[in-house]
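Working notes for the structure below.
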Amino acid sequence: MKDEKTEDQILDAAEKVFQRKGMDGARMQEIANEAGINKAMLHYYYRSKRFLFEAVFSKAFSLIAPEINRVINEDIPLFEKIRKFTHSYIDFIQKHPYLPNFIIQELNRDQDFMNVLQKKKGFPDFRNFRSQVEQEVHEGNIRPIKAEQLFIHLLSLNIFPFLAAPLFKGFLNIDDNCYKELMEERKEEITNMIINYLEIKE
C-alpha cells in the first residue's frame, strides 16, 4: 500500500526539482535523491516522470486557481472585487513566489494540459465576472470595456512583476526585501490604476 507521507515527500521533492530544471530537464533519479528514497520506490508511486509532473503541476495549480475563482465570483461590487483580487493575489503569491513562473512556463510547453486543468474542481469560472462587467457598462457606471480585456489587465498587472522579479531587481538595483515592499505598494497602485481607468469622470 502507498503511504501518504511518502507520497507527499515525493511531491515536495519533485516540485523543487521541476522548479529548478523544468519537466524536460528533471531526472527521476534526481527526484528520488531529493526525496531520500530509491528510484524503484519512486517508480512504484509514479511510474513515469510525466505522471509525476502532472501530479506536481495539479497540486501547484490547485493552490492558485480556487483563490482566483473565489474572488471573481464573490457577490461584491466590481471596484471592491478588483481591490480584493489584487490584495488577495499578491498576498498569496508572496507566500508561493514560484507558482506563476512554474505554471506559465509549463502551460506554454504543453498547451494541451490546460484542457485537463479546465475539468478540475475549482477551475476559475469567468461567467459571473463577465455578466457583472457587462451590467456595469450597460448601466453607465464604468467606461465601455470587454470583461475579457479587464480580466487580462487585472491578471497581467498582478502576475508580471513576479514573473520578471529578477529582471526588475537588477534594473532597479534593489534586494529581495525592497522588492517585497514594492509588491506591497502595488496592491494599491494596481487597484487605483484600474479603477481610475474605469471610472467615468464628470
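3J(HN,Hα) along the range 185-195: 5, 5, 3, 7, 4, 5, 4, 5, 4, 6, 5 Hz, from the Karplus curve 6.51 cos²θ - 1.76 cosθ + 1.60 with θ = phi - 60°, whole Hz, x for Gly and Pro.
In the chain, the sites counted are chymotrypsin sites (Phe, Trp or Tyr not before Pro) in DSSP loop states with at most 16 other Cβ atoms within 10 Å, and the longest stretch holding none of them, exclusive of the sites, is 1-97. By how many degrees, 0 to 90 and rounded to 10, does the Cα axis of helix 147-163 deviate from the longest principal axis of the chain? Computed tilt is about 50 degrees. Placing dummy labels 7 Å off each Cα toward the beta-carbon, the span from Asn173 to Glu134 is 5.2 nm. Look at (i) 61, 38, 32; (ii) 64, 41, 35; (iii) 69, 42, 27: the one that is Cα extents along the principal axes in Å derived from this structure is (iii). Applying both filters, DSSP loop and at most 11 other Cβ atoms within 10 Å, to the GluC sites (Glu not before Pro) of the range 16-92 eliminates every site. For the cross-link pairs Lys81/Lys169; Lys16/Lys59; Lys2/Lys39; Lys49/Lys169; Lys119/Lys187; Lys39/Lys121, which exceed 22 Å when the distance is taken from alpha carbon to alpha carbon? Over 22 Å apart, Cα to Cα: Lys81/Lys169; Lys49/Lys169; Lys119/Lys187; Lys39/Lys121. Qualifying trypsin sites (Lys or Arg not before Pro) in the range 85-174, where qualification requires a DSSP coil assignment and no more than 16 other C-beta atoms within 10 Å, comprise Lys119, Lys120, Lys121, Lys146. As a length-normalised measure over Cα pairs under 8 Å and 6 or more apart, the relative contact order of the range 58-198 settles at 34 percent. 3J(HN,Hα) along the range 45-58: 7, 9, 6, 8, 5, 5, 5, 5, 4, 4, 5, 5, 5, 4 Hz, from the Karplus curve 6.51 cos²θ - 1.76 cosθ + 1.60 with θ = phi - 60°, whole Hz, x for Gly and Pro. Extension gain, His96 to Ala164: 0.36 nm times the residue separation minus the Cα-Cα distance gives 23.0 nm. Given the range 48-163, report the % of alpha carbon pairs whose separation exceeds 19 Å. Every Cα pair in the range 48-163 considered, those over 19 Å come to 51 percent. Loop-located trypsin sites (Lys or Arg not before Pro) in the range 10-55 (DSSP state not H, G, I, E or B) with no more than 11 neighbouring Cβ atoms inside 10 Å: Arg47. If you take every residue apart from Gln9 with its C-beta less than 12 Å away from the C-beta of Gln9, what net charge results, scoring Lys and Arg +1 and Asp and Glu -1? Net local charge, Gln9 excluded: -4. Per-residue Karplus couplings for the range 34-40, computed as 6.51 cos²θ - 1.76 cosθ + 1.60 with θ equal to phi - 60°, are listed in order as 5, 7, x, 10, 8, 5, 4 Hz, Gly and Pro entered as x. Annotation: extensible slack from Lys84 through Glu199 equals 39.7 nm (criterion: 0.36 nm per residue apart, minus Cα-Cα distance).
Over the chain, DSSP H runs of length four or greater, each weighted -39,500 (n - 2.57), average out per residue to a 222 nm ellipticity of -25000 deg cm²/dmol. When the Cα gyration tensor is reduced to axis lengths a ≥ b ≥ c, the ratio a/c is 1.5 or higher for the range 162-202, and with a/b above b/c it is classed as prolate. Once backbone amide H atoms are built at 1.01 Å from N, Asp110 has no partners under 5 Å, excluding neighbours fewer than 5 places away on the same chain. Between 0 and 90 degrees, the angle of helix 127-138 with respect to the longest Cα principal axis of the chain falls at about 20 degrees. The overall shape of the range 1-47 is prolate: from the C-alpha gyration tensor, with semi-axes ordered a ≥ b ≥ c, the ratio a/c is 1.5 or greater and a/b exceeds b/c.
Relative to the longest principal axis of the Cα atoms of the chain, the long axis of helix 78-95 makes an angle of roughly 30 degrees.
Where a number appears in this text, it was derived from the coordinates with a stated rule and is not lab data. What you are looking at is a predicted structure, and each value in this text was computed from that prediction instead of being measured. Backbone-built Cβ (ideal geometry, glycine too); neighbour counts: all protein chains shown.
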